[in-house]
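Participant: Before I ask anything, let me first share the structure, which is written out below as structure tokens.
The values are calculated or read from the model by the stated rules, or taken from the named source; none is laboratory data. The structure presented is a predicted model; accordingly, all values stated were derived computationally and were not measured. With ideal geometry, Cβ positions are generated from the backbone for all residues, glycine too; neighbour counts draw on all protein chains shown. Heads up: the accessible areas ignore ligands, DNA and RNA and are worked out on the full protein's heavy atoms, side chains in. Shrake-Rupley method; radii C 1.70, N 1.55, O 1.52, S 1.80 Å.
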Amino acid sequence: MEIGIVGLPNVGKSTLFNALTGAGAAVENFPFTTIEPNVGIVPLADPRLNRLAQEWESAKITPSGIRFVDIAGLVKGASQGEGLGNKFLSNIRSVDAICHVVRCFHDENIVNVAGNLNPIYAAEIIETELLLADLQQAQKGYDRLLKVAKSGDKLAQEKVEMLDIAIQGFNQGRSVRSQQIDPKLIAEFEFLTAKPILYVANTGEGEVCDDLLDPLKELAKKENAKVVTLCTKLEAEILELPDEERATYYESAGITSPGLATLAKAGQELLGLVCFFTAGPTETRAWLVAQGTKAVKAAGKIHTDIERGFIRAEVYRFADLEKYGSYQALKEKNLVSLEGKDYEIQDGDVVYFRFSV
């Protein structure tokens, strides 16, 4: 699953991507520098890994990762093909969620394509383009299905009725997220405003302006979205420091949770993912799966052979390991269970899959 980083040109998208992944995405003061989407997997820090590795004396620790896609800047009129609009909208359509970077910093040397510094106006430009794209998609579907519906086709009639309601909502400026639209219809027409969203308020170094942030938080609240506040430029610069200097900087600045760690965690929550672990002498590893994933499908995340030959899953809770001190203690207290293929994986499960092929 992937999160697309979107926003107007020059709001700090590529700087954020660089900070997240350490990749060399182009960061220049020019719209459309990033034309092809850059994909990076961001390691998700999890202190539980170290504890499990200690328990099993693991030779290797492998964290889970969140996939971020740096999508080139949208402009007003993108839904009509302005800039490189069609390409950008297609890239947004292919991701599972949206990370919307909004400029909340002053810098006369960096062009602000939205004119005056107004985070709400800038955010609404993007949202409007996505809404217009959804309106076009819905209208095309409505026109196509209307002929079939008039012939008496029941399914087409139902879809036409639902599309008509959705079109009215789009014309009123309401996203799919704020409407009650059938999930099957959303999947069929791939509506962009159905995708879960979080906002990144990109602030200046030492500059957090409540008069800019508060309206953005109100906007996010209407969309049931989160706002993560960070300075992408500062985060990118910190990552260039050696590990020991980086830790010292965070400590001296009183930063207990770096902005990027907060964003990665917010990304996990945005995608609705839970983390389970596999642990042993060879490796302790974290895995991300969607909430509600069955044990047999989680096994397939590791290897298709394990899914195909699934027998049972041996499961214990990390919280129980912390409470009672050792795997052996959990065995003695009967806190290690054997689960079948329909068991739903929970966040913090430590799993050993038994299989035969």
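Participant: Return yes when G259 is closer than 30 Å to S175 by Cα and at pLDDT 80 or above and no when it is not.
Facilitator: Spelling it out, it is not the case that G259 is closer than 30 Å to S175 by Cα and at pLDDT 80 or above.
Participant: Can you tell me how many residues within segment 177-191 are over 14 Å from L131 (Cα atoms) and either open to solvent by 70 Å² or more (accessible area, probe 1.4 Å) or at pLDDT below 90 (or both)?
Facilitator: 5
Participant: Can you pull out the residues in segment 192-210 that are open to solvent by 50 Å² or more (accessible area, probe 1.4 Å) and at pLDDT below 80?
Facilitator: Hits for segment 192-210 are E205, G206, V208.
Participant: If I filter segment 225-246 down to residues being farther than 14 Å from H100 by Cβ and open to solvent by 100 Å² or more (accessible area, probe 1.4 Å), which single residue comes out as modelled with the highest pLDDT?
Facilitator: Ranking the candidates gives K233 first.
Participant: For the subset of segment 285-305 comprising residues that are under 18 Å from L338 (Cβ atoms) and open to solvent by less than 20 Å² (accessible area, probe 1.4 Å), which member is nearest to the chain's Cα centre (by Cα)?
Facilitator: A298
Participant: Got a number for residues in segment 83-97 being modelled with pLDDT of 80 or more and of a type in the set (D, E, K, R)?
Facilitator: Total meeting the criteria: 2.
Participant: Let me ask something else. Only one residue in E190, E124, E223, E205 is in contact with a strand residue (DSSP E or B) (Cβ under 7 Å, 6 or more places away or on another chain) and acidic (D, E). Which one?
Facilitator: It is E223.
Participant: Among (1) within 26 Å of L213 (Cβ to Cβ); (2) at pLDDT below 70; (3) not hydroxyl-bearing (S, T, Y), there is one condition Q80 misses while meeting the rest; what is its number?
Facilitator: Answer for Q80: the failing condition is (1).
Participant: List pairs: first in segment 343-356 and free of Cβ contacts under 8 Å to residues at least 24 places away in the same chain, second open to solvent by 10 Å² or more (accessible area, probe 1.4 Å), Cβ under 7 Å, 6+ apart or cross-chain?
Facilitator: Note: no pairs meet the criteria.
Participant: Only one of A279, A261, A247 is touching a Leu at 6+ places or on another chain (Cβ under 6 Å) and on the phi < 0 side of the Ramachandran plot. Can you tell me which?
Facilitator: On inspection, the qualifying residue turns out to be A279.
Participant: Answer yes or no: is there a residue in segment 191-207 that is touching a residue at least 60 places away in the same chain (Cβ under 8 Å), at positive phi, assigned to a loop (DSSP other than H, G, I, E, B) and of a type in the set (D, E, K, R).
Facilitator: no
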